[in-house]
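As structure tokens, the structure follows; a few thoughts come after it.
The values are calculated or read from the model by the stated rules, or taken from the named source; none is laboratory data. Not measured: the values here are computed from a predicted model. Here Cβ is always computed from backbone atoms with ideal geometry, including for glycine, and neighbour counts include all displayed protein chains.
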Amino acid sequence: MQFDDMGFAKVDTGRPARCGAPEAVFCEGKTPDQVAAIVEKLNEGSHSVLATRADAATYAAVKAKVPEAEYHESARLITVRKSSAKPDPDRFILVLTAGTTDIPVAEEAALTAELMGHRVERVFDVGVAGIHRLFAQIDIIRQANVIIVAAGMEGALPSVVGGLVDKPVIALPTSVGYGASFQGLTALLGMLNSCAAGIAVVNIDNGFGAGRLAGMINAMR
């Protein structure tokens, strides 16, 4: 139950022992210097470090204190990779997107799962507006152990995928779409009301949450 009190933050250094993965740093609302100090503290441990919703200024501050930190601009992630464990080659997480504009959120999910030590495959731009593109990927879809489906607009793709597989599907609504998509609310509600069984839904644009859940499922035996 240990934590390090830094005054402005209480860093949960005991989370890996309790939950199997370290605390992730949510950068929005924090100053670059605050994020850098937290990442530096987490980096004292033996686990990889992940910071989400990071911009270039935050990464520059982190890089000054932790030179081995990497920045994934599209996904807005800062990572410090420490694990050398090889992923299970027979069990992988598949990340699908309905459109190209869903890729940044999908990449947040994919990189999160990879940092947890999992093999991740990606298939992008296979939404229901051209559903033949999805069916062309049916082999890899059915081979996956867990599937994350990122979609904006009306959020229909997870329902279609859920009707094709016998594996858990994690629906990831994105804020992509025109006015009546309400910044992802329409996709979220559509996914929550899916008639396909075996679908779990995370929050709008919550790629980290989807990747973390997928990793936990993929690690179960």
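Out of all the residues in segment 26-65, which are buried (at least 20 other Cβ atoms within 10 Å of the Cβ), of a type in the set (S, T, N, Q) and touching a residue at least 40 places away in the same chain (Cβ under 8 Å)?
Within segment 26-65, just Thr52 meets the criteria.
Taking into account only those residues within segment 24-69 that are among the charged types (D, E, K, R) and out of contact with any Phe, Trp or Tyr (no Cβ under 9 Å at 6 or more places or on another chain), which is farthest from Ala9 (Cα to Cα)?
The residue in question is Glu68.
Every residue, every condition in (1) of a type in the set (A, V, I, L, M, F, W, C); (2) buried (at least 17 other Cβ atoms within 10 Å of the Cβ); (3) in contact (Cβ under 8 Å) with a residue 24 or more places away in the chain, yes or no:
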{"residue": "Ile131", "(1), (2), (3)": "yes, no, yes"}
{"residue": "Phe135", "(1), (2), (3)": "yes, no, no"}
{"residue": "Val146", "(1), (2), (3)": "yes, yes, yes"}
{"residue": "Gly152", "(1), (2), (3)": "no, yes, yes"}
{"residue": "Val169", "(1), (2), (3)": "yes, yes, yes"}
{"residue": "Leu188", "(1), (2), (3)": "yes, yes, yes"}
{"residue": "Ala210", "(1), (2), (3)": "yes, yes, yes"}
{"residue": "Gly215", "(1), (2), (3)": "no, yes, yes"}
{"residue": "Met220", "(1), (2), (3)": "yes, no, no"}
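Does segment 23-39 include one or more residues that are modelled with pLDDT under 90 and in contact with a Pro (Cβ under 6 Å, 6 or more places away or on another chain)?
No, that holds for no residue.
For segment 39-143, please list each of the helices (runs of 4 or more DSSP H) lying entirely inside it that holds at least 2 residues being closer than 19 Å to Phe208 by Cβ and under 15 Å from the mean Cα position of the chain (by Cα).
Once the helices (runs of 4 or more DSSP H) in segment 39-143 are filtered for at least 2 residues that are closer than 19 Å to Phe208 by Cβ and under 15 Å from the mean Cα position of the chain (by Cα), what remains is 103-115.
Looking at this structure, is Glu23 free of Cβ contacts under 8 Å to residues at least 12 places away in the same chain and in contact with a Ser or Thr (Cβ under 9 Å, 6 or more places away or on another chain)?
no
So, Ala54, is that one assigned by TED's automatic domain parsing to the domain that holds Gly14, touching a Cys at 6+ places or on another chain (Cβ under 9 Å), of a type outside the set (Lys, Arg) and farther than 22 Å from Val149 by Cβ or not?
So Ala54 passes the test.
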